[in-house]
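Just so you know, all these numbers are worked out from the coordinates, no wet-lab data involved. Just so you know, these numbers come straight off a predicted model, no measurement behind them. In this analysis, Cβ positions are derived from the backbone assuming ideal geometry, glycine residues included, and neighbour counts consider all displayed protein chains.
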Amino acid sequence: EEVITQVIENIKPRVEVRSKRVGGATYQVPMEVKARRQQSLAIRWLVEAARAKRGKPMARRLSEEMFDAYNKQGAAVTKRDNVHKMADANKAYAHFAW
């Protein structure tokens with residue numbers, strides 16, 4: 001149970017970008033992610049990363065992805081890092097978050 005909690009914790013995104021239209025232009029606005037959505041996204045990304053691997057049974061792929069996430073590696077953690085990078089790159093539009 002502690003391992004699963006740590007795996008989810010390592011994948012959870014703290015911020016994400018959301019599209020917001022302002023005066024005919026669409027901006028990618030960084031916003032905080034609520035706790036429930038953090039957990040949902042983490043689990044979704046974990047399963048998607050396991051599905052993307054091929055050639056082994058799903059249980060094996062999922063356990064390998066969880067092992068990677070526990071060690072802060074793997075596709076799910078990379079996905080989280082990419083989301084954080086996008087939010088960081090669009091910090092200039094943070095004032096549109098309302």
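Here, the chain has an Rg and a Dmax of 15.4, 50 Å when only alpha carbons are counted. Taking segment 54-98, how much of its Cα-Cα pair set, in percent, is spaced more than 14 angstrom apart? Beyond 14 Å sits 63 percent of the P(r) for segment 54-98. Summed over qualifying helices (DSSP H, 4 residues or more, each -39500 (n - 2.57)) and divided by its residue number, the chain shows a 222 nm mean residue ellipticity of -19000 deg cm²/dmol.
Here's the list of aspartates and glutamates a cross-link from Lys34 could span, going by alpha-carbon distance under 12 Å and ignoring same-chain residues fewer than 8 apart: Glu16. Can you list the aspartates and glutamates whose alpha carbon sits under 16 Å from that of Lys53, skipping same-chain ones fewer than 8 residues off? Here the aspartates and glutamates satisfying the reach criterion relative to Lys53 are Glu64, Glu65, Asp68.
Stretching Lys72 away from His84 to a fully extended chain increases their span by 2.9 nm, per 0.36 nm per residue minus the current alpha-carbon distance. Within segment 63-87, find all residues whose amide N lies under 17 Å from a label point positioned 7 Å from the Cα of Lys53 along Cα-to-beta-carbon. Answer for segment 63-87: 63-80.
Given R₀ = 22 Å, FRET efficiency for Arg37-Arg60 by Cβ-Cβ distance, to 0.05? Using R0 = 22 Å, I get an efficiency of 0.15.
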